[in-house]
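Engineer: Take this structure, written in structure tokens, and hold onto it; I'll ask about it next.
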Amino acid sequence: MLLVTMIVIPAIPLLISAAIGFYSFAGASKRFAISSIRQAAVDRTALIDEFLHERRSDLESFLALLPEDALRGPKAQAEVASWLHSGGQVFQDMGLIDPQGRHSAYAGPFGLADKDYRDADWYKETLQNGYFISDVYLGYRKVPHFVIAVTRRIDGQVWTLRATVNPTIFGNMVNAPGIGDTGEAYILNREGLFQTNRRSGGSLLERDGYAYPAQNENLVSFTGSDGGEDYLFASARLNDGKWRLIVRQKEEEAFQTVVMAGYTVILVLLCGGAVIVVLALIVSRRLSETLRGQAEAVSKLEGQLLQAARLAELGEMAAGFAHEINNPLQIMKTDLALLELTLKDVTDVCDNREACGELKEIADQFQIQIGRCAAITREILRFGRQDAPHVEDMDLAEFLPKVGAMVQNKAQVSGIDVTCEVAPDVPRILADPGQLQQVMINLLNNAIHAVVDRHGSKGGRIDVAAGSDGRGRAVITVADNGSGINQESLSKIFMPFFTTKAPGQGTGLGLSVCHSIIDSLGGELTVASTKGEGTTFTVRIPGKSA
């Protein structure tokens, strides 16, 4: 569930942003493609209109410069031939038509010198409008062509100059490159007949089977399918609306940027999705490990707190036990005093001096052991007290040997040699004896554990020493030749609940409490250790006069 959530949450904005970006770009790209093909139609229309206008102007100029004495005969023939030559390859032939509708002069390869055009529709329209640009037709020569004709009134009669435009040159100009690989341009008349060849199929005077929408404006654009291909079209009026220029391009090419954008978006989504999935896997795994570790830490902490609570209860119980033990000890001590008085009376009249001496030694030993038990219970009571610290003037030369005696038996059982050396110049300190005793016993117990862990029951050594650091502070060191502490653990040694002991053998609170006690006295507790060689704890406490 966590993995799915981490994938879905970042995937949603990625999909939304990709969709918005794609549709925005696609819309802009389509508008640009439509604008481009419309502009191509406008430019191509302007080019064709300019071409037709220039050809009309050429013919009007020729006819305007024709002298009146050169309307017929060889002189007229020479003029027309000169005009055809000066027109270059644009005109295929040219003829001067008299007012009766017959050629008075003709230049060209088609043998039309005697043709009579009085009944030709184009001739009649030329006379009516003053000029005429025809559709492509077969005419007398039975070859597809179209003509441009202009008129001039001379001496009240209308003379006409007609020229045939080279369809190849005109068609190449119309369908010139510049609209992409699949783009093409062609001209249709009102009946839908091709006025120029079309590259994708369609010859002059063939009918285009595509149903074009009505040309209600000078320029329209639309899309459609022709021959199984989808096209983007632009259509413009030509030749006073008698012609229609069509510019078209396959949508696949026109909208190629949209398609590429789609592929790009898909690629980005795939890559982004892969990154999201990988990151989700990594993060979820680390998060799961972190949560698992925290759960284990919480569980361990709960166990340590339970153990600490048990120890606190045990401390209270130990203090109670010590108090209860003191009562029979007092009775035993009283009875022992009575026994000693009785032995003294009996000894004076006793015949067996040897037996009486042994009884006296037994009574003395009872006295020693009762005193020892009383001393132990006093220390237990002092150690277990929860009262506010009671600061006293302490002499470490007297205090430290007593603390050492409390763990002496435990150390001897483990084969550990414990020494205690107190320098004569050690300063007196102000501290709570119970708290300082707690610190020292904890350090000594830790040392015993480390020594046993390395040496077993022989070869262990613990050295307790006290002296001055020359700055008025008392310095107490507890050094052992135990197993030592690694560098990683040294940085955590005074943290609550941290322990290097095996589970169930330590709470991790001892050194933390010791550090707090020494810190409350204005001193410091430090440690130096080498793994496999031993550990030295150093306690520095301000002297009484410091």
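The values are calculated or read from the model by the stated rules, or taken from the named source; none is laboratory data. This one's a predicted model, so the numbers in the text were calculated from it and none came from an experiment. Counting neighbours? That spans all protein chains shown, and the Cβs are built from the backbone with ideal geometry, glycine included. Keep in mind that these areas ignore ligands, DNA and RNA; they rest on the heavy atoms of the full protein, side chains included. Shrake-Rupley method; radii C 1.70, N 1.55, O 1.52, S 1.80 Å.
Engineer: To the nearest 0.05, how large is the calculated FRET efficiency for residue 338 and residue 533 if R₀ is 45 Å and r is the Cβ-Cβ distance? Don't skip to the end; give the middle numbers.
Structural biologist: Working: r = 57 Å, r/R0 = 1.26.
In this case the efficiency is close to 0.20.
Engineer: State the dimensionless ratio Rg/Rh of segment 404-546 (Rg: radius of gyration of Cα atoms; Rh: Kirkwood radius).
Structural biologist: Details: Rg = 14.8 Å, Rh = 15.5 Å.
With Rh from the inverse mean 1/r over Cα pairs, Rg/Rh is 0.96.
Engineer: Scan around residue 468 for amide H atoms under 5 Å from its own, H built in the peptide plane at 1.01 Å from N, and keep only partners 5 or more places away or cross-chain.
Structural biologist: 475
Engineer: If the limit is 23 Å between Cα atoms, which of 402/492; 344/402; 360/402; 410/544; 402/544 go over it?
Structural biologist: Values: 402/492 31 Å; 344/402 33 Å; 360/402 28 Å; 410/544 33 Å; 402/544 21 Å.
Over 23 Å apart, Cα to Cα: 402/492; 344/402; 360/402; 410/544.
Engineer: List the residues, sorted by chain then number, that are 5 or more residues from residue 93 or on another chain and whose placed amide H is less than 5 Å from its amide H.
Structural biologist: Here the answer is 164, since their amide H atoms fall under 5 Å of that of residue 93.
Engineer: Let me ask something else. Which ³J(HN,Hα) values in Hz, rounded to whole numbers, follow from the phi angles of segment 335-343 under the Karplus curve 6.51 cos²θ - 1.76 cosθ + 1.60, where θ = phi - 60° and Gly and Pro get x?
Structural biologist: After applying 6.51 cos²θ - 1.76 cosθ + 1.60, I find 5, 5, 4, 5, 5, 5, 5, 5, 4 Hz.
Engineer: Cross-link candidates for residue 75: which lysines have Cα within less than 24 Å, leaving aside residues fewer than 8 places away along the same chain?
Structural biologist: 115
Engineer: Still on this structure, please answer the following. Peptides 488-495, 122-129: what's the order by average Cβ count within 10 Å, highest mean first? Don't skip to the answer; put the middle values down first.
Structural biologist: Working: 488-495: 13.8, 122-129: 16.5.
Averaged packing, sorted descending, gives the order 122-129, 488-495.
Engineer: Also, I was wondering about something else. Give me the accessible area of residue 110, 1.4 Å probe, in Å² rounded to the nearest 10.
Structural biologist: Its accessible surface works out to 70 Å², give or take rounding.
Engineer: In terms of solvent-accessible area of protein heavy atoms at a 1.4 angstrom probe, what is the ranking of 121, 335, highest value first? Don't jump to the answer; show the numbers that get you there.
Structural biologist: Values: 121 120, 335 90 Å².
Largest accessible area first, the list is 121, 335.
Engineer: When all protein chains stay in place, what accessible area (Å², nearest 10, 1.4 Å probe) is found for residue 360?
Structural biologist: Using a 1.4 Å probe on the heavy atoms, I get roughly 100 Å².
Engineer: Normalising by the residue count of segment 411-546, find the relative contact order in percent from Cα pairs under 8 Å and 6+ residues apart.
Structural biologist: Working: 266 pairs, mean separation 38.8, N = 136.
Contact order relative to length: 29 percent.
Engineer: In segment 192-239, what trypsin sites (Lys or Arg not before Pro) fall in a loop by DSSP, with at most 16 other Cβ atoms inside 10 Å? Walk me through the numbers before you get to the answer.
Structural biologist: Values: sites: 198, 199, 207, 237; in loops: 198, 199.
Qualifying residues, ordered by number: 199.
Engineer: For segment 153-257, take the convex hull of the Cα atoms, compute a quarter of its surface area, and give me that in nm², please.
Structural biologist: Values: hull surface 34.7 nm².
Here the figure is 8.7 nm², rounded to one decimal.
Engineer: Could you pull out the GluC sites (Glu not before Pro) across segment 161-238 that fall in loop regions by DSSP (anything but H, G, I, E, B) with no more than 15 other Cβ atoms inside 10 Å?
Structural biologist: Details: sites: 184, 191, 206, 217, 229; in loops: 191, 206, 217.
Counting only loop positions with at most 15 other Cβ atoms within 10 Å, the GluC sites (Glu not before Pro) in segment 161-238 are 191, 206, 217.
Engineer: Starting from the residue with the highest accessible area, list 103, 53 in decreasing order, probe 1.4 Å.
Structural biologist: Details: 103 20, 53 105 Å².
Ranked list, largest accessible area first: 53, 103.
Engineer: At 0.36 nm per residue, and after removing the present C-alpha to C-alpha distance, how many nm does the segment from residue 53 to residue 28 gain when stretched out fully? Spell out each step's value before the answer.
Structural biologist: Values: separation 25, 0.36 × 25 = 9.00 nm, distance 3.68 nm.
Difference between extended and current length: 5.3 nm.
Engineer: Something else now. How do 432, 395 rank by accessible surface area computed with a 1.4 Å probe, from largest to smallest? Before the final figure, lay out the partial values.
Structural biologist: Values: 432 15, 395 50 Å².
Of 432, 395, the descending order of accessible area is 395, 432.
Engineer: Check which residues have an amide H placed less than 5 Å from residue 531's amide H, if you skip close sequence neighbours.
Structural biologist: 485
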